1. If you take the beta carbon distance between Leu361 and Arg434 as r and set R0 to 45 Å, what does 1/(1 + (r/R0)^6) give as a FRET efficiency, to the nearest 0.05?
2. Antiparallel as a % of all DSSP beta bridges within the chain, to the nearest 5?
3. Quick one: among Ala60, Ala149, Ala170, which has the greatest mean-square fluctuation in a GNM of the chain with alpha-carbon springs under 10 angstrom?
4. I need the phi-derived Karplus couplings for segment 138-152: 6.51 cos²θ - 1.76 cosθ + 1.60, θ = phi - 60°, integer Hz, Gly and Pro marked x.
5. In square angstrom, what is the accessible area per residue of segment 266-393 with a 1.4 angstrom probe?
6. Stick to the Cα atoms of segment 310-440, pair each with every other, and give me the Kirkwood hydrodynamic radius in Å at one decimal.
7. How long are the semi-axes of the equivalent ellipsoid of segment 242-352, defined as square roots of 5 times the Cα gyration tensor eigenvalues? Whole Å, largest first.
8. For segment 313-348 and segment 184-258, compute the distance between their C-alpha centroids and round to whole Å.
Amino acid sequence: MTQNTTTQPENIVIIGGGAGGLELATRLGKKLGRRKQAHITLIDRNNTHLWKPLLHEVAAGSLDAGVDEVNYRGQARRNGFHFTLGTVCDLDREKREVILAPLVDSEGTTVLNERRVPYDQLVFSLGSVTNDFGIPGIKEHCMVLDAPAQAERFHQHLLNAFLRLDRARAQGLDERLKLVIVGGGATGVELSAELYNAASVLKDYDLGHVGPEHLDVTLVEAGPRILPALPDRISQTVTHELGQLGVTVRTQTKVVKGHEGALETDDGERIEGSIMVWAAGVRAPGFLKDLAGLETTRNNLMLVSATLQTTRDDRIWAIGDCSACPQPGDRWVPPRAQSAHQMASHVYKNMLRQRQQKPLLEYRYKDHGSLISLSRFSTVGSLMGNLTRGSMMIEGRIARMVYISLYRQHQVALHGVARTALLTVIDRLNHAIRPRLKLH
């Protein structure tokens, strides 16, 4: 009697289809999934993926999310992995199973009951959510831009506000639209500029009584300057550019409470805003806190070793914004899109080395600089953060080209060079034939 030596393919499960998670699933699917050497499963609570740095453009209406979204099932079919729609609620490390909460539709009907997904290797790539630091009233009165649905919600509020403002000014009322954005990081800065771009094109679409001069945008930062992660000269340049647009930049201003239509500062001042956005700080999703005994930080980040495996379970990895990865010099890997991209590539290499019984490599973050887009008005940033003693500041057309290339690199990782070239052509055609602003 012949002994059956066939072994089951390894189950590799990736939780979270953000930049890092989807890139990793795509690469593993092409390498192992197509050859039936492993069963690759991507789990996400949404059906589509949108590159997170684009959310401020979706919010302002400069970008139609439906055009740039990647459907997970379509991506899975083309690249040899599987997709499961669901929200992770728990983890059974003993049985090596991911537990998914019941899937409920918008009417409250249960579509699927609780499910369990087995794994041999598990990767957390859940990204981050906005941290309101427990400040009272923020959750109730401020919007956040963590996901496309939230950006679309902001966009609808903005369109309605523009309609009301146009009607009021047409009737001779001296009305203005007041918006307050808390958080002087990339999201807050880029959204501030994008709002003025949106207001500047409204007159082309029968809203002729509204223009950028009717906006009062206040950008609030608790620290001494905006963009604290970037060199001071870039922060100063961006502050000046925002001022030229009309943005009021308030630094060293700490918000202590949120109210209906206003934010309260620690000195008792009220900053009024009919639309208020909170973009001040990030944390990992709350359910990750000490999940299944794994080690986490106070912001719920999963602590990982230099190989990107969690400190208490070598079968579990964490990448991107939901991971806390130490670096030499008492530093931590920053929560950036380039970090997620690098970590996804590193886990991919280490998983292949593991299968070849080779020693795993240690991850070292490489800072390629940062770029800030002020919509069509300007782009400014620094390049080669680790390649020179400082960084090389760039701005203008060259900076804009580099900024756009970052998204193209993400598309190449997902679709390859040929498909990305076609997508680039399609983008140019859409730019020529579609409205400059999403109006619905």
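The values are calculated or read from the model by the stated rules, or taken from the named source; none is laboratory data. In this text, all values refer to a predicted model and were calculated from it rather than measured experimentally. No Cβ is skipped: glycine too gets one built from the backbone with ideal geometry, and neighbour counts run over all protein chains shown. Side chains included, ligands, DNA and RNA excluded: accessible areas come from the protein's heavy atoms. Shrake-Rupley method; radii C 1.70, N 1.55, O 1.52, S 1.80 Å.
1. Numbers: r = 44 Å, r/R0 = 0.99.
Efficiency, rounded to the nearest 0.05: 0.50.
2. Details: 37 of 70 bridges.
Antiparallel bridges make up about 55 percent of those DSSP assigns within the chain.
3. Ala170
4. So the Karplus estimates, Gly and Pro as x, are 6, 4, 7, 10, 10, 8, 10, 10, 8, 8, x, 4, 5, 5, 5 Hz.
5. Numbers: 6150 Å² over 128 residues.
That works out to 48 Å² per residue.
6. Details: mean 1/r = 0.0567 Å⁻¹.
Here the Kirkwood hydrodynamic radius works out to 17.6 Å.
7. Numbers: eigenvalues 275, 61, 29 Å².
Semi-axes from the Cα gyration tensor: 37, 17, 12 Å.
8. 30 Å
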